[in-house]
Amino acid sequence: MTITDQPTTTSTSVIGQRLLRKEDPALLTGEARFTDDLQLPGALHLIVARSPYAHARITRIDTTAAAAAPGVVAVYTGADLTDLWAAPMPCAWPVTDDMKSPAHYPIAVDKANYVGDAVACILATTNAEGRDAVELIDVEYEPLEAVVGLEDALSDRIIIHEDLGTNASYTWPLVVEEQEGAVDRAFADAAFTVKERYVQQRLIPMAMEPRAVAAVPQPFGGDITLYTATQVPHILKVMTAITLGIPEHQLRVIAPAVGGGFGSKLNVYAEELLCTALSRKHHVPVRWTEERSENSMATVHGRGQIQDIELAADAEGKLIGLRVKLLADMGAYLQLVTPGVPLLGAFLYAGVYHLPKAFSFSCTSVFTNLTPTDAYRGAGRPEATYAIERAMNRLAAAVGVDPREIRRRNYIPTEAYPYEAYTGLTYDSGDHIKAADIAADLADYDGIRAKQKDQNVEGSTKRIGIGMCSYFEMCGLAPSRVLASLNYSAGGWEAATVRVLPTSKIQVVTGTTPHGQGHETSWSMIAAEKLGVAVEDVDVLHSDTAISPLGLDTYGSRSLPVGGVAVAMACDKVIDKAKLIAAHQLEASAEDLEFSGGSFTVAGSPDKTLPLAAIAFEAFTAHDLPDGMEPNLEAHVTYDPPNFSWPFGTHMCVVEVDTETGSVDVLKYVAVDDCGVQINPLIVEGQVHGGVIQGLAQALFEGAVYDADGNLQTATLADYLVPAASDVPSITLGHSVTPSPTNQLGVKGVGEAGTIGAAPTVINAIVDALSGLGVTDVKMPASPINVWTAIAEATASSGGDVGGAASAPDTSTSATSGEDDQ
């Protein structure tokens, strides 16, 4: 079910139509080619030997038996390959000038720092022979005590990287006060205060396609092509050239069909560098494909935070001050944007609420003996939203009003937009009461409240609850000058080229790198709308640095508000050039020409018209162009937005909780999202559905669990609970449309919205259902055992029993948090 207030499109409008994706036939028929599908005769297979210890010195490696195994071409240790690296693996976000970052190379030399850390590698003629031979590598370790918990890491009881002298990578503060001491005065003067601690458990991204790499050298000249399942071929090209000392012009990076990323493929990985370096060394293709259990250890994890949040409010429950302290888990090393991820949420801890300049934020990030963390769908924004939205429910309880009412009292009013936030950033647009009201109607908020009075009574073992979350998302990851102020190493621009071919077909070359977002369809629709052509006459080229040499790729819900807008601007430049040619051909003034439906017409003379197709051919032949005009009809744009884009929304969820077993049944989920103008509502709905499911997964199912020795207990899908289709509730979608005033299309991002809203919505609903039993929080994931434990602790403190339950439920399929010291 979908309800939207987007204006009905005209019969000639392309934007706003629910077109099927152009990408899907190739995927559905098997025509699409993923990296592992590539036929590469003579390729060697890379197999990586990984540490079984979370923290251990490498005292000896004997590769003799492995080197003699059938099919083995070469065996390398970290010490054997040091000459191949011009620099350590890159971290592109040194968030502070004194940030501590350990040198990280593709294969460890002296010490392994997490289970899965590479300690040696094999090149073999077949994958099977290589996997057999890797078991013959004899590594002698001196096991060391592992640092697993964040607070243990912060204590420096055991220091992981001895040369750094501490486990703390950095502390990043952000204090915004109207006057010095404003935060402390706000809390001293507050009528109500709330102090909460929340744990964001580690998550494993689990993209459908594990990572895969194939490096193919040219027979002469030194050029090399790197095929890889990546979200960032352009960034990877630059970083690989720097790390390996390869001239950048000799490196081509191609992302073939990519089976999901969710941020985990926004990186520069050891295996990409190994394949590239070893293919150059051996002068043959080298390929590697990750296995699922390997993926759980060697691909970055997401989240991993302890959040301490404090709210101060006046007598009406309006926010007057906010304090946040984060302790963030970097894992064993810093990957590409690891240190910056927690800070992406720093500007959103007040959510969609008006806050005076009385804000204090601090993030301390520490190293642990666990898999490195990095971007995961939402990257910092879901964590911030979770904290403020859970805390707002606690504030509602303290004030004695409904959670919906406390939000209504604090929403930034619509008339205040554009709104200069307490951080100095400008929120471009918003209508939060409207989104909340749509969601409340779809969820039957008042009806659920009435039903609770009858159902949530003493002795009832089936209790219902309703939860909500109102969110902002800061997306686009631009402008570049703002990123510079945050010490980010790259820019926030995006590039596009639009070319009208002599036969009137359109080529769009984009620097974005789709891996499920539907750019081929949406960019075709933008070009078709602008140029007055059929969508099927537009071809979108992407994900190959030779074809699309300029770009900053896809992440952070940036593609449409940056890359899509660049396409629209390039179309405008094409039309401007075509208008000059048309004026010349029609012997008219360019100011008198009107462009509509793919043709130029002289105003007042409808018989004098010239279609874009004819102009394109004239530009190609160049027989009769205006003096000084270059032949051909194409234009290039590099667009750096003036601001982030600010999608927002309200989600609501209705649950029923069995107090005897701790099981949670999601009865209804409502998502009302405002992403500005929707290019293709069908794609928007798909993005929201996927995002909501991943947020539900964090709330109810997923959690990377480690034991005290740093061993991952959830390395396979038998242990790590990814929701199946049967676990997913029906999702009711609604939309409001508040166009962004900062770009010509009025668009905002939407790819992460569902993930941002879902987790706090679900947990708020569960706590709401159990509030009559004294439950104020439930640990994520809200598995039966975690829910049952929350009930048990609450009822024990009040002297009651656990909803009639005599013992804890079976936990054989329940994931738990990886923070054992929280």
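The values are calculated or read from the model by the stated rules, or taken from the named source; none is laboratory data. On a predicted model such as this, the values are computed, not experimentally measured, just so you know. So basically every Cβ, Gly included, is an ideal-geometry build from the backbone, and we count neighbours across all protein chains shown. Note: accessible area is taken over every heavy atom of the protein model, side chains too, but ligands, DNA and RNA are not part of it. Shrake-Rupley method; radii C 1.70, N 1.55, O 1.52, S 1.80 Å.
A few remarks follow.
- Output for the range 109-120, where each listed residue is open to solvent by 10 Å² or more (accessible area, probe 1.4 Å) and in a loop (DSSP other than H, G, I, E, B): Val109, Asp110, Tyr114, Val115
- Residue check for Arg481: assigned to a helix (DSSP H, G or I) and of a type in the set (Lys, Arg): yes
- Subset of the range 715-747 [touching a helix residue (DSSP H, G or I) at 6+ places or on another chain (Cβ under 7 Å) and of a type in the set (Val, Ile, Thr)]: Thr716, Val722, Val728, Ile731, Thr732, Val747
- Matching entry among Val567, Val533, Val562 (being touching a strand residue (DSSP E or B) at 6+ places or on another chain (Cβ under 9 Å) and over 30 Å from Leu344 (Cα atoms)): Val533
- Where Thr364 falls short, out of the listed (1) in contact with a Ser or Thr (Cβ under 9 Å, 6 or more places away or on another chain); (2) open to solvent by less than 10 Å² (accessible area, probe 1.4 Å): (2)
- Given (1) at pLDDT 95 or above; (2) in a helix (DSSP H, G or I), index of the condition Ser293 fails: (1)
- Restricting the range 452-478 to residues that are charged (D, E, K, R) and assigned to a strand (DSSP E or B), the residue that is least open to solvent (accessible area, probe 1.4 Å) is Arg463.
- Qualifying residue in the range 635-657 (condition: assigned to a loop (DSSP other than H, G, I, E, B), open to solvent by 60 Å² or more (accessible area, probe 1.4 Å), out of contact with any Cys (no Cβ under 6 Å at 6 or more places or on another chain) and at pLDDT 95 or above): yes
- Within the range 590-624, tally of residues that are more than 21 Å from Thr497 (Cα to Cα) and either charged (D, E, K, R) or over 49 Å from the mean Cα position of the chain (by Cα) (or both): 10
- Meets criteria (free of Cβ contacts under 8 Å to residues at least 60 places away in the same chain, buried (at least 20 other Cβ atoms within 10 Å of the Cβ) and not basic (Lys, Arg)) for Tyr333: no
- Scanning the range 482-518 for residues that are aliphatic (A, V, I, L, M) and open to solvent by less than 30 Å² (accessible area, probe 1.4 Å) returns Leu483, Ala495, Ala496, Val498, Val500, Ile506, Val508, Val509.
- Sub-8 Å Cβ pairs linking a first residue in the range 120-146 that is farther than 19 Å from Ala79 by Cα to a second residue that is in a strand (DSSP E or B) and open to solvent by 70 Å² or more (accessible area, probe 1.4 Å), at least 6 apart or interchain, are Ala124/Val73; Thr125/Val73; Leu144/Arg57, ordered by first then second residue.
- Hits in the range 36-50 (condition: part of a strand (DSSP E or B) and aliphatic (A, V, I, L, M)): Leu44, Leu46, Ile47, Val48, Ala49
- Neighbours by Cβ (under 7 Å, 6+ apart or cross-chain): first from the range 215-238, within 11 Å of Cys275 (Cβ to Cβ) and in the same structural domain as Arg287 (by TED's automatic domain parsing); second of a type in the set (D, E, K, R) and buried (at least 24 other Cβ atoms within 10 Å of the Cβ): Leu226/Glu272; Thr228/Glu272
- Cβ pairs under 8 Å, 6+ apart, first in the range 528-552 and touching a residue at least 12 places away in the same chain (Cβ under 8 Å) and in a strand (DSSP E or B), second among the charged types (D, E, K, R) and open to solvent by less than 60 Å² (accessible area, probe 1.4 Å): Val540/Glu520
- Taken across the range 716-737, residues that are out of contact with any Leu (no Cβ under 9 Å at 6 or more places or on another chain) and assigned to a helix (DSSP H, G or I) do occur, with at least one present.
- Per-region count, the range 229-281, residues within 26 Å of the chain's Cα centre (by Cα) and either in a loop (DSSP other than H, G, I, E, B) or charged (D, E, K, R) (or both): 22
- Meets criteria (surrounded by fewer than 18 Cβ atoms within 10 Å (Cβ to Cβ) and in contact (Cβ under 8 Å) with a residue 60 or more places away in the chain) for Ala92: no
- With a requirement of 3 or more residues that are open to solvent by 30 Å² or more (accessible area, probe 1.4 Å) and either in contact with a Gly (Cβ under 9 Å, 6 or more places away or on another chain) or within 22 Å of Phe361 (Cβ to Cβ) (or both), the strands (runs of 3 or more DSSP E) lying completely within the range 121-228 that satisfy it span 168-177, 192-203.
- The residue that is surrounded by the most Cβ atoms within 10 Å (Cβ to Cβ), among those in the range 725-756 that are over 12 Å from Ser429 (Cα atoms) and in contact with a Phe, Trp or Tyr (Cβ under 8 Å, 6 or more places away or on another chain), is Ile756.
- Looking across Gly710, Gly662, Gly686, one residue alone is in contact (Cβ under 8 Å) with a residue 12 or more places away in the chain, out of contact with any Cys (no Cβ under 8 Å at 6 or more places or on another chain) and either among the hydroxyl-bearing types (Ser, Thr, Tyr) or closer than 21 Å to Arg377 by Cβ (or both). It is Gly686.
- Test: residue in the range 600-614 that is outside the structural domain of Ala528 (by TED's automatic domain parsing), buried (at least 19 other Cβ atoms within 10 Å of the Cβ) and among the hydroxyl-bearing types (Ser, Thr, Tyr): no
- On the stretch given as the range 276-306, residues that are open to solvent by less than 40 Å² (accessible area, probe 1.4 Å) and on the phi > 0 side of the Ramachandran plot total 2.
- A count restricted to the range 406-434 and to residues that are of a type in the set (A, V, I, L, M) and open to solvent by less than 10 Å² (accessible area, probe 1.4 Å) stands at 3.
- Per-region count, the range 586-607, residues part of a strand (DSSP E or B), within 19 Å of Ala528 (Cα to Cα) and out of contact with any Pro (no Cβ under 6 Å at 6 or more places or on another chain): 5
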